[in-house]
Amino acid sequence: MTDPLIIDDNDRGVFKVARRSFTSQEIFEQERDRIFQNCWLYLGHESELRNANEFVTRTVAGQNLIFVRGKDGEVRAFFNVCPHRGATVCREKKGKAKSFQCMYHGWVFKNNGEINHLSGEPAYAKDFKENGNCNLRAVPHLDSYAGFYFVSFKEDIEPLPDYLAGAKEYLDIVADQSSAGMEIVGGTQEYSIRANWKLLVENSVDGYHAESTHATYLDYLMNTNGSLTATKLAGKGYDLGNGHAVIEYSAPWGRPIAQWIPMWGEKGKEELDRVYAELVERLGEDKAKQMATLNRNMIIFPNLVINDIMAITVRTFYPTAPDEMMINAFALGVCDESEWRREYRLSNFLEFIGPGGFATPDDVEALEHCQRGFQAHANVPWNDISKGMKASQPSFDDELQMRAFWREWNRRVATEGEK
Amino acid sequence: MKITATQESLLRYFQIQQLLFHEAQLLDSWRLNEWLDLFTEDGGYFVPPTDVSAEEADPAKHLYYIADNRARLEERVIRLDKRTCHAEFPRSKVQHLVSNILLESDNGTEVGVSAGFVVYRTKNGHTDTFIGHYRYLLREVEGELKIVKKTCNLALDGLRPQAKISIIL
């Protein structure tokens with residue numbers, strides 16, 4: 001029997017993860033086959049394809065895809081791979097196109113994936129184009145929930161709503177923040193970290209590290225006149241099923257949905273009061289209060305993070321090696337918000353989040369140093385994720401949300417002998 | 001562009017070159033408060049995203065990497081001098097190379113400048129390279145050229161493998 005990858009001992013209140021889970025090439029390959037090939041994975045947001053013929057190219061779990069709204073208005077996703085010899089068909093990041101031409105031998109595809117022009121066609125057999133033989137290959141499944149599009153590379157997979165389980169309710173909280181809808185703000189933060197991808201899963205929903213890792217950010221909020229309310233950091237962690245989890249908590253910083261801070265002035269207060277009144281009218285007092293005043297850090301298994309905190313970030317990432325991951329991070333805003341509110345939303349985002357913020361660089365430093373530490377896994381083999389394990393309702397700064405992820409990860413990755 | 005080299009423009013060019021080289025030296029030697037003094041009271045520092053063109057990018061409309069007004073720039077400097085700024089503790093080794101300096105406009109008080117940069121950052125056994133071009137708006141304040149706006153347009157496809165911009169470019 002192989003050594004276990006996790007120890008989940010509820011009686012003793014101990015939960016441990018083997019550090020080789022972060023370093024092993026074999027486990028990395030198992031994750032590729034058993035997780036990234038078998039789960040619903042985030043592709044993009046509906047607002048990125050508002051009009052017919054708009055497209056975005058994206059890499060999802062290492063595979064290049066075209067995400068496109070066809071001439072007929074239908075949203076589709078194709079492997080961005082020529083069926084002929086495998087060259088990347090569309091080499092632009094985004095744009096408008098009725099067709100895509102492969103540069104290598106000139107095959108042209110309509111934006112619904114069908115072959116439109118087969119160069120040198122007379123030299124091919126008469127039925128060569130039949131049965132979709134020359135079409136762009138569509139991903140096996142594409143579906144959306146609350147404006148978020150997901151793909152599955154697995155044919156036989158449960159429907160997206162079933163897969164999302166309890167995360168649906170929290171996706172709604174993000175999607176319903178305006179009756180006008182939500183949109184991805186232009187500009188992507190594209191970066192990589194020299195660390196295992198699961199470290200970023202943990203870090204994205206880690207309420208425990210803020211005080212120490214982000215001491216300078218908290219100093220900054222304290223130094224800056226009018227950037228804080230009297231609200232305390234407090235809240236809970238929830239297991240949403242299927243490996244998804246969220247922490248939901250109050251916090252002192254401003255939230256551009258409707259938690260006002262003095263820095264935003266009287267005019268800002270009037271506007272956020274209006275926003276809040278609209279939320280109450282549309283969703284009721286309880287929902288409005290939850291939406292406006294509580295922060296949420298959510299992981300949707302395996303690699304989507306939606307953090308609705310001082311701004312909303314949508315972050316997805318995938319490993320390229322046991323010790324390297326690629327990250328794409330987007331800002332999500334309200335479609336009809338004023339210029340003032342959009343500006344503060346972006347400003348709030350940059351203060352904390354992202355490669356140039358006052359917080360993310362310190363997370364990167366922590367993650368990269370964990371990865372270094374894991375080199376000693378033969379001698380110091382276990383990570384501890386036990387915090388709050390005996391609590392009846394774990395706090396936002398406990399580790400229930402990470403345990404939810406790890407249990408699902410272990411269920412999918414470990415073979416019978418390792419469980 | 002018509003190239004002119006009046007005595008006045010040569011002096012201006014020398015003044016700009018000295019400012020940019022001096023700035024690079026302050027950043028390389030972590031004299032960040034002195035660096036901050038190079039900015040006007042309304043000065044700002046910007047790093048736009050790499051998937052929006054430099055002409056189109058606007059910090060009020062696009063997600064930047066960095067968009068600091070003077071107040072946040074001061075806070076950035078305070079942060080970078082702390083032990084709890086973990087990304088830069090212990091501090092990395094930094095080397096700025098500034099080149100291709102071009103005086104683009106000069107109305108006597110405000111001066112537009114572009115320049116190329118390569119910034120090396122070494123820490124934890126890794127050397128990361130940041131490549132791109134600067135755009136400066138400078139203003140003459142009491143006979144001294146000050147930075148009103150410094151924009152660093154990265155000539156990169158994102159921050160891979162740099163991960164972060166924890167130093168000042």
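At a glance:
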{"quantity": "Sequence-distant aspartates and glutamates (8 or more away, or on other chains) whose Cα lies within less than 16 Å of B:LYS2", "calculated": "B:GLU104, B:ASP106"}
{"quantity": "Region B:7-154 - percent of accessible surface contributed by carbon and sulfur, probe 1.4 Å", "calculated": "50 percent"}
{"quantity": "Average partner coverage of A:346-358, which counts Cβ from other chains inside 10 Å", "calculated": "6"}
{"quantity": "Per-residue SASA entry for A:THR59, accessible area with 1.4 Å probe, Å² rounded to 10", "calculated": "50 Å²"}
{"quantity": "Whole-Å semi-axes of region A:164-285's equivalent ellipsoid (Cα gyration tensor)", "calculated": "26, 22, 16"}
{"quantity": "DSSP-assigned coil residues among trypsin sites (Lys or Arg not before Pro) in region A:106-213, each with at most 16 further Cβ atoms within 10 Å", "calculated": "A:LYS126, A:LYS129, A:ARG137, A:LYS154"}
{"quantity": "Relative contact order of region B:7-154, pairs being alpha-carbon contacts under 8 Å that are 6 or more residues apart, as %", "calculated": "24 percent"}
{"quantity": "Computed magnitude of the charge dipole of region B:1-114 (debye, nearest 20; Cβ of K, R +1, Cβ of D, E -1)", "calculated": "500 debye"}
{"quantity": "Positive-end residue, chain A charge dipole about Cα centroid, Cβ charges, pick of A:GLY357, A:GLN63, A:PHE330", "calculated": "A:GLN63"}
{"quantity": "Accessible area buried between chains A and B, both sides summed, probe 1.4 Å, in Å² to nearest 100", "calculated": "3400 Å²"}
{"quantity": "18 Å Cα-Cα reach of A:LYS129 towards aspartates and glutamates, excluding residues that sit fewer than 8 places from it in its own chain", "calculated": "A:GLU114, A:GLU121"}
{"quantity": "Probe 1.4 Å, accessible area per residue of the protein assembly as shown, Å²", "calculated": "43 Å²"}
{"quantity": "Whether chain A is rounded, prolate or oblate, judged on the alpha carbon gyration tensor where a/c under 1.5 counts as rounded", "calculated": "oblate"}
{"quantity": "Lys, Arg +1 and Asp, Glu -1 on Cβ, resulting dipole of chain A about Cα centre, debye, nearest 20", "calculated": "880 debye"}
{"quantity": "Selection of GluC sites (Glu not before Pro), region A:131-214, meeting DSSP coil and at most 14 other Cβ within 10 Å", "calculated": "A:GLU155"}
{"quantity": "Reachable lysines, given that their alpha-carbon falls under 30 Å from the alpha-carbon of A:LYS287 and they are not under 8 places away in the same chain", "calculated": "A:LYS168, A:LYS232, A:LYS236, A:LYS267, A:LYS269, A:LYS387, A:LYS390, B:LYS61"}
{"quantity": "Shielding score for A:187-199, defined as the mean number of other chain Cβ atoms within 10 Å", "calculated": "5"}
{"quantity": "Chain A, relative contact order [Cα under 8 Å, separation at least 6], %", "calculated": "22 percent"}
{"quantity": "For chain B, calculated [θ]222 nm from helices alone, where every DSSP H run of n ≥ 4 adds -39500 (n - 2.57)", "calculated": "-7000 deg cm²/dmol"}
{"quantity": "Peptide A:219-226 - average C-beta neighbours from other chains (10 Å radius)", "calculated": "3"}
{"quantity": "Lone cysteines, the protein assembly as shown (no partner Cβ under 4.7 Å)", "calculated": "A:CYS39, A:CYS90, A:CYS134, A:CYS335, A:CYS370, B:CYS85, B:CYS152"}
{"quantity": "Cα shape, chain B, gyration tensor, a/c 1.5 rule", "calculated": "prolate"}
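The values are calculated or read from the model by the stated rules, or taken from the named source; none is laboratory data. Remember, it's a predicted structure, so these values are computed and weren't measured experimentally. As a convention, Cβ positions derive from the backbone with ideal geometry for all residues, glycine included, and neighbour counts pool all protein chains shown. Just the protein is used for accessible areas: all its heavy atoms, side chains included, with ligands, DNA and RNA removed. Shrake-Rupley method; radii C 1.70, N 1.55, O 1.52, S 1.80 Å.
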